[in-house]
Each structure stands twice: as structure tokens, then as C-alpha cells.
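Structure first, then comments.
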Amino acid sequence: METSGSVEPVPKPVEPQYEAMSLYEEKLLLKKLNTLAQTRTLEPEANRLRCKLRVRQIKRERGIPLFDLDATMYMLAGMGTHHVPRHNDTETSRYQANPSALPTSRYSTGDYRVLDRYQSSIYSIPLHMQQYSSFLNRLVGTEDDQLQSIQSPYTARVLKPFIRRDYESLSQKMKLYQEIISYPHRHNPDWCAPPPSSIDYCYVRPQHIPSVNALCREFFWPGIDLSECLQYPDFSCVVLYRKIVIGFAFMVPDVKYNEAYISFIFTHPEWRNCGIATFMLYHLIQTCMGKDVTLHVSATNPAMLLYQKFGFKPEEFILDFYDKYYPEDSRDCKHAFFLRLKR
């Protein structure tokens, strides 16, 4: 006996959408699993995941490419890496930029920040492109005897050799130099000390990058490469004393249509308290007239007082902002304030 009426179709189950984890999300998950492993026995599946995440972390630390099943299968099939399917354009561009999954947060999806563009692994840079800071370079500074004018590739402006030459400021390091020089002549009343050299402020040049990177990796975190700043030298300031890099400041001018971002500003500890950071910050602000200027600063950084003098206001307090950059055993504060100078 047949029944009348139509039979409603059974809806198909919705396929789950999988999204790749970012490097920061991997670190958080591994940290949670390690914490649980100290208090209880993990399930076999959770313990297996913990071991895999640990292996991925060790590979990143040693510069070993991470395993990519899709890339391997397509390479074995002779189709090349450009045929690997991806879910969206962001993931495609990330994969094409880093097909070997080299250890760098620069190509991770989600949670992208301006600072990520300067994060790279030395193993991901070809040998002929790697820049090193030699002992002679660290001892006597850069190799150029006289800086020349350069043309900015970003604005096509001709940039003068120096932004400023300061003959008046005296840091503790310069005072120590003068004491060392005058000590052998302490019994000679007719001897006059030579005038101190100037503190020179100039735009970034290729010969400055090795020293700048070495300072960043020593005082900030590993893996920083500021070579990209050569594309917009107008928004930079490198401080030299007798050709030795003692400070620097960099700004990204095109974060948004009406916003610029100060990525790094640093003065060597032996050259602080003589107005170097103040002038660098003033210079960067003047280069972006009409735009808001933003930056992140560590919650325990005394530079917060300097930023407040220039009118920066805190907009947000971000927990664990620097967690994706600092090593796990770092004791530096990982929380940050997001500051803005409205124009």
C-alpha cells in the first residue's frame, strides 16, 4: 500500500572547516599540554599531539623545515608546489612565500602584526644574502668614511647625508673617553683635551643593517631582520658615534591610510640619558605630519614616560603580546600597551 505525500530529503552533514594554527597558537597549546602533563597522565592522543608539537618546536629552533604532506605528495607527483590547493588567498600567498615551511612566524596565518614582517630565520635567507656584523665592524663602525646623499625608493626624495650633527650632548660613555684621553696628561697644565666627536643622526643605509640587526637580536629577541627598512629610509633614523651604531628608530609609513607605526626605537644602554631617543622620536613624528602614529611598548618599559611627553595615549593593554617573540625562558615582561598619537 503506497502512502501519498513527498518524503523530505535527509540533510547532508556539514563538513567541518579546518584552519591552520598560527605559530603563536601552537606555542599556547604546547604550553597548556606541558602544564597538564605535570599534574596528570595525559591520554594517548593528547600525549601524541604534545610530542608532535614539541618536535615542531625543536625543528624551528634548529632551522629544520617542517613536514608538509600536501607539498610532498604534489612534489612526488611532479606537479610542483604551485598546484597545492589552499582555502583562501592569504594561505596561498603564505605557502608560496614559504613553500618549505621554514621556521618563522612571518608566514603564519592569523594574529598578524606589523612586527611579524621583520621576523625571519637566518636559515631561510640564502647564504649570499646574509649580512654579518664582523668584529672590525663592531669595533670601529661602518666602512664608509663619508656619508653621501641617497635617493629614497619610497618617495624619490633626495635625502641629505645627515639629519643632525650634535656637538653639544655628552653621554656617560663620552665622558669616560675624555677621562681616559686626559689621564696621561694629568700633570701637564698646558695640555688641552681635543674636542669630542659629534653624535651623528642619519638615514639608514645598507652598511648599517648588520650592526642594527645585531643590536636587535641582543636587546630585543632573536630572528629580527630590518633589511626591509631600506625600502623607506625617509622614515628611519640611525645614530652614529665615530661610525659606530649607538641607536636607531624605524617607522612603517603605510600601515593604514592615515596611520604610521613605530616598529623599533632603541638607544644603547651606555648612551642613554643624553636626548638621543627624544630626538629620534621627534624626527619620526615630523616625517608623518597629518597621520596618527602608533606603537607598542612593554608594560615595564620606562620609555612610556617619553611617549607620554610627546602626547601618546594608551588605547589598549594586550596580555602576552610579546609571547610569540621572546624565548620561553625569557623573564622580560610580555604584556604591552598600544599607544596612539592623534593628529
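At a glance:
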| read-out | value |
| --- | --- |
| Calculated from backbone phi, Karplus (6.51, -1.76, 1.60) coupling profile of region 202-208 in Hz, x at Gly/Pro | 9, 7, 5, 9, x, 6, 8 |
| Cα principal axis extents for region 198-282, largest first, Å | 37, 28, 21 |
| Trypsin sites (Lys or Arg not before Pro) restricted to region 159-261 and DSSP loop, no more than 15 other C-beta within 10 Å | 186, 242 |
| Potential extension, residue 328-residue 193 segment - 0.36 nm per residue separation minus Cα distance | 43.7 nm |
| Nearest-20 debye value, region 195-285 charge dipole, Cβ charges on Lys, Arg, Asp, Glu | 240 |
| Heavy-atom accessible area order for 254, 234, largest first, 1.4 Å probe | 254, 234 |
| Among the listed pairs 313/334; 256/309; 31/313; 160/256, those beyond 29 Å (Cα-Cα) | 31/313 |
| In order through region 309-318: 3J(HN,Hα) via Karplus (6.51 cos²θ - 1.76 cosθ + 1.60), integer Hz, x for Gly, Pro | 5, 8, x, 6, 10, x, 10, 7, 10, 10 |
| Rounded, prolate or oblate (a/c below 1.5 giving rounded, otherwise prolate when a/b exceeds b/c) for region 212-343 by Cα gyration tensor | rounded |
| J(HN,Hα) series, region 178-187, from Karplus relation 6.51 cos²θ - 1.76 cosθ + 1.60, nearest Hz, glycine and proline x | 5, 5, 5, 5, 7, 4, x, 10, 5, 9 |
| Estimated FRET transfer efficiency when R0 is 51 angstrom, pair residue 244-residue 64 (beta carbons, to 0.05) | 0.90 |
| Apportionment of accessible area to carbon and sulfur, region 241-343, percent (1.4 Å) | 50 |
| Label-to-label distance, nm, for residues given as residue 49 and residue 25 (7 Å Cα→Cβ offset) | 1.2 |
| Region 222-259: chymotrypsin sites (Phe, Trp or Tyr not before Pro) in DSSP coil with no more than 11 other Cβ atoms inside 10 Å | 257 |
| Computed E for residue 37/residue 218 - FRET, C-beta separation, R0 35 angstrom, nearest 0.05 | 0.55 |
| Inter-label distance, nm, simple model (7 Å from Cα along the C-beta direction), residue 165/residue 286 | 1.7 |
| Net lengthening on full extension, residue 278/residue 228 (0.36 nm per residue, minus Cα-Cα) | 15.6 nm |
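The values are calculated or read from the model by the stated rules, or taken from the named source; none is laboratory data. These numbers come from a predicted model, not from an experiment. All Cβ positions, glycine included, derive from the backbone under ideal geometry; neighbour counts span all protein chains shown. Note: accessible area is taken over every heavy atom of the protein model, side chains too, but ligands, DNA and RNA are not part of it. Shrake-Rupley method; radii C 1.70, N 1.55, O 1.52, S 1.80 Å.
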